[in-house]
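Asker: Dropping the structure in here first, questions after.
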Amino acid sequence: MTDGTAPARRALIVLGMHRSGTSALSGTFWRLGLDLGSNLMPPEEGSNSLGFYEHNSIVPIHEILLRAMGSHWSSTDPFPENWLESAAADEARASIRAVLDHDFPRGTSSDWGLKDPRLCRFVRLWRPLLDDVEPCFILVRRDPAEVAASLNTRDGMALEDAAWLWWRYMSEAERDTRGAHRIFVDYDQLLSDWRGLIERIGAAFMLPGMSALALDQNGPGAQEVDRYLDPAERHHRARTMRDHTGLPEKVASFDAIFRAAVQGNAGEMDEAFAELDHDAKA
């Protein structure tokens with residue numbers, strides 16, 4: 001906080017590529033009582049029938065900024081140099097601040113959360129705006145081959161392009177959350193043992209001077225989560241893309257480090273991640 005005092009609450013920021021299980025995790029948080037704001041995007045048949053759990057005022061801000069930069073959610077290109085100093089970025093900051101002040105006003109102590117896959121690319125825009133909370137970033141991995149297959153089915157995206165898109169989102173999210181409170185998780189963990197994963201997230205973000213995250217794993221909300229996390233909703237398995245083309249080498253290398261970070265070695269992975277830093281696919 002700007003006055004030097006420690007924030008009294010956390011913001012759980014869910015970061016992950018489209019089709020990676022970020023909706024499932026955010027929907028779990030919501031059922032366990034985490035405030036995700038007052039304007040959630042409704043479900044959409046054929047895309048996400050169980051709900052996106054994205055803030056319906058934040059997503060358009062990101063979309064407008066992408067268009068102003070000549071980009072799109074599906075672009076694998078880096079953003080223009082100095083985009084953070086652009087007039088479009090200034091407008092986005094003001095709009096984001098207005099939403100945060102409305103839905104998560106300063107001076108309150110309740111933890112809250114936010115999810116939009118586009119946030120992976122906008123962490124540097126967001127971090128200075130989170131000055132009244134402790135931002136806690138949850139980086140969600142789903143096998144990039146599965147993500148690619150899902151995007152191929154939903155959007156007709158070429159498998160290799162989709163794999164590079166996974167890399168673009170996840171590598172920028174990793175790079176731009178270094179030094180912050182963060183945890184690496186896996187979609188498989190959520191489906192196989194969501195209670196264990198929630199416990200692990202709670203332990204990671206048990207910060208000095210703060211109470212435990214109020215995520216009740218045994219109440220009525222937990223029973224809703226048991227019904228909500230239906231493995232039948234998972235339509236693509238990792239072999240789908242590998243049977244066709246295989247992953248690009250840099251995508252596979254990044255994913256190998258990410259998998260190690262998921263297993264609890266996150267603090268040891270920064271140097272390995274940094275060695276893979278690059279702005280363009282190759």
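The values are calculated or read from the model by the stated rules, or taken from the named source; none is laboratory data. Remember, it's a predicted structure, so these values are computed and weren't measured experimentally. So basically every Cβ, Gly included, is an ideal-geometry build from the backbone, and we count neighbours across all protein chains shown. Heavy atoms of the whole protein, side chains included, go into the accessibility calculation; ligands, DNA and RNA do not. Shrake-Rupley method; radii C 1.70, N 1.55, O 1.52, S 1.80 Å.
Asker: For Ala68, only one of the following conditions fails: (1) surrounded by fewer than 23 Cβ atoms within 10 Å (Cβ to Cβ); (2) more than 25 Å from Trp30 (Cα to Cα); (3) touching a helix residue (DSSP H, G or I) at 6+ places or on another chain (Cβ under 7 Å); (4) touching a residue at least 24 places away in the same chain (Cβ under 8 Å). What is its number?
Answerer: Failing condition for Ala68: (4).
Asker: Phe184 is checked against (1) open to solvent by 10 Å² or more (accessible area, probe 1.4 Å); (2) not in a helix (DSSP H, G or I) and fails just one. What number does that condition carry?
Answerer: Failing condition for Phe184: (1).
Asker: Residue by residue through region 12-30, note down the ones that are closer than 20 Å to Gly221 by Cα and either touching a Phe, Trp or Tyr at 6+ places or on another chain (Cβ under 6 Å) or not in a strand (DSSP E or B) (or both).
Answerer: Gly21, Thr22, Ser23, Ala24, Leu25, Ser26, Gly27, Thr28, Phe29, Trp30
Asker: Output the qualifying pairs, or none if there are none: Cβ atoms under 6 angstrom, residues six or more apart or on different chains, first residue in region 246-265 and farther than 16 Å from Ala173 by Cα, second residue open to solvent by 50 Å² or more (accessible area, probe 1.4 Å) and basic (Lys, Arg).
Answerer: The qualifying pairs do not exist here.
Asker: Does His181 meet the test of being under 30 Å from Arg9 (Cα atoms) and in contact with an Asp or Glu (Cβ under 7 Å, 6 or more places away or on another chain)?
Answerer: yes
Asker: Can I ask one more? How about region 34-48: which of its residues are open to solvent by 30 Å² or more (accessible area, probe 1.4 Å) and at pLDDT 95 or above?
Answerer: Within region 34-48, just Asp35 meets the criteria.
Asker: Here's another thing I want to ask about it. For Asp131, which of the numbered conditions (1) under 21 Å from Glu174 (Cα atoms); (2) in contact with a strand residue (DSSP E or B) (Cβ under 9 Å, 6 or more places away or on another chain); (3) of a type in the set (Asp, Glu) fails to hold?
Answerer: Condition not satisfied by Asp131: (2).
Asker: If I filter region 113-125 for residues that are farther than 24 Å from Leu191 by Cα, out of contact with any strand residue (DSSP E or B) (no Cβ under 8 Å at 6 or more places or on another chain), open to solvent by 30 Å² or more (accessible area, probe 1.4 Å) and touching a residue at least 60 places away in the same chain (Cβ under 8 Å), do I get at least one hit? Let's see the steps before the verdict.
Answerer: Narrowing region 113-125 to residues farther than 24 Å from Leu191 by Cα: 121-125.
Then keep just the ones that are out of contact with any strand residue (DSSP E or B) (no Cβ under 8 Å at 6 or more places or on another chain); that gives 121-122, 124-125.
Those still in the list that are open to solvent by 30 Å² or more (accessible area, probe 1.4 Å) too: 124.
Still in the running and touching a residue at least 60 places away in the same chain (Cβ under 8 Å): none.
No, that holds for no residue.
Asker: Still on this model: Out of Gly196, Gly246, report the one residue that is open to solvent by less than 30 Å² (accessible area, probe 1.4 Å) and at pLDDT below 90. Lay out the reasoning, then the answer.
Answerer: On the way: Gly196 fails: at pLDDT below 90.
Just one listed residue meets the conditions, Gly246.
Asker: Here is a further query. Between a first residue in region 202-213 that is in contact (Cβ under 8 Å) with a residue 12 or more places away in the chain and on the phi > 0 side of the Ramachandran plot and a second residue that is surrounded by 11 or more Cβ atoms within 10 Å (Cβ to Cβ) and not hydroxyl-bearing (Ser, Thr, Tyr), which pairs have beta carbons less than 9 Å apart while being 6 or more apart in sequence or on different chains?
Answerer: Close Cβ pairs satisfying both conditions: Gly209/Ala8.
Asker: Quick test of your reading of the structure: Leu191 fulfils all but one of (1) in contact with a helix residue (DSSP H, G or I) (Cβ under 8 Å, 6 or more places away or on another chain); (2) under 28 Å from Glu249 (Cβ atoms). Name the failing condition by number.
Answerer: Leu191 satisfies all of (1) in contact with a helix residue (DSSP H, G or I) (Cβ under 8 Å, 6 or more places away or on another chain); (2) under 28 Å from Glu249 (Cβ atoms) except (2).
For every residue, the table says whether it meets (1) under 30 Å from Pro80 (Cβ atoms); (2) modelled with pLDDT of 90 or more; (3) aliphatic (A, V, I, L, M); (4) outside any loop (DSSP other than H, G, I, E, B).
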{"site": "Leu191", "(1), (2), (3), (4)": "no, yes, yes, yes"}
{"site": "Ile201", "(1), (2), (3), (4)": "no, yes, yes, yes"}
{"site": "Met210", "(1), (2), (3), (4)": "no, yes, yes, no"}
{"site": "Lys250", "(1), (2), (3), (4)": "yes, yes, no, yes"}
{"site": "Phe254", "(1), (2), (3), (4)": "yes, yes, no, yes"}
{"site": "Ala261", "(1), (2), (3), (4)": "yes, yes, yes, yes"}
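Asker: Next question. Kindly list the number of the only condition in (1) part of a helix (DSSP H, G or I); (2) more than 28 Å from Phe205 (Cα to Cα) that fails for Ser75.
Answerer: With (1) part of a helix (DSSP H, G or I); (2) more than 28 Å from Phe205 (Cα to Cα) applied to Ser75, the lone miss is (1).
Asker: Can you pull out every residue in region 129-170 that is open to solvent by 20 Å² or more (accessible area, probe 1.4 Å) and of a type in the set (Gly, Ala, Ser)?
Answerer: Listed by number, the residues that qualify are Gly156, Ala158.
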